[in-house]
Amino acid sequence: MLIAVILALAVGTYGFRAAGVLLHDQLDLPEWSRRLLPIGAAALLAALAATAALTEAAGFAGWARPAGVLVGLALAWRHAPFVLVVVAAAGVTALLRLLGVP
């Protein structure tokens, strides 16, 4: 049963991706829709990032994680190397949790 579900999801995923490539030239979207697609993708990613940064188990994640995310965001804004951004964000979060900040 589990293998059937995995195969069905794999076929569905491949089908959606193939449909995008095959139907790209045949689908004519209005201009307003073409302008909104990149904005919608950015809004979706921002909402996903905010949810992951602020919540844990359907509740507030505490102050340490958002503080780490803010440090990472500030470093990314300053064009710091990706490894430094990740290590600094994780380090700030770990340090705050070590100090007892939830």
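One table, with the values for the structure above:
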quantity	calculated
Estimated inter-spin distance, residue 45 and residue 87, nm [label 7 Å along Cα→Cβ]	2.5
Length added when fully stretched, residue 98-residue 6, from 0.36 nm per residue minus Cα-Cα	29.1 nm
Simple label model, 7 Å out from Cα along Cβ direction - residue 32 to residue 73, nm	3.1
Angle in degrees between helix 82-98 and the longest Cα principal axis of the chain, rounded to the nearest 10	50
Helix-only mean residue ellipticity at 222 nm for the chain, each DSSP H run of n ≥ 4 adding -39500 (n - 2.57), per residue, nearest 500	-25500 deg cm²/dmol
Rh (Kirkwood; distinct C-alpha pairs) - the chain, Å	17.4
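Values in this text are rule-based calculations from the coordinates and carry no lab data. This one's a predicted model, so the numbers in the text were calculated from it and none came from an experiment. Glycine gets a Cβ as well: all are built from the backbone with ideal geometry, and neighbour counts include every protein chain shown.
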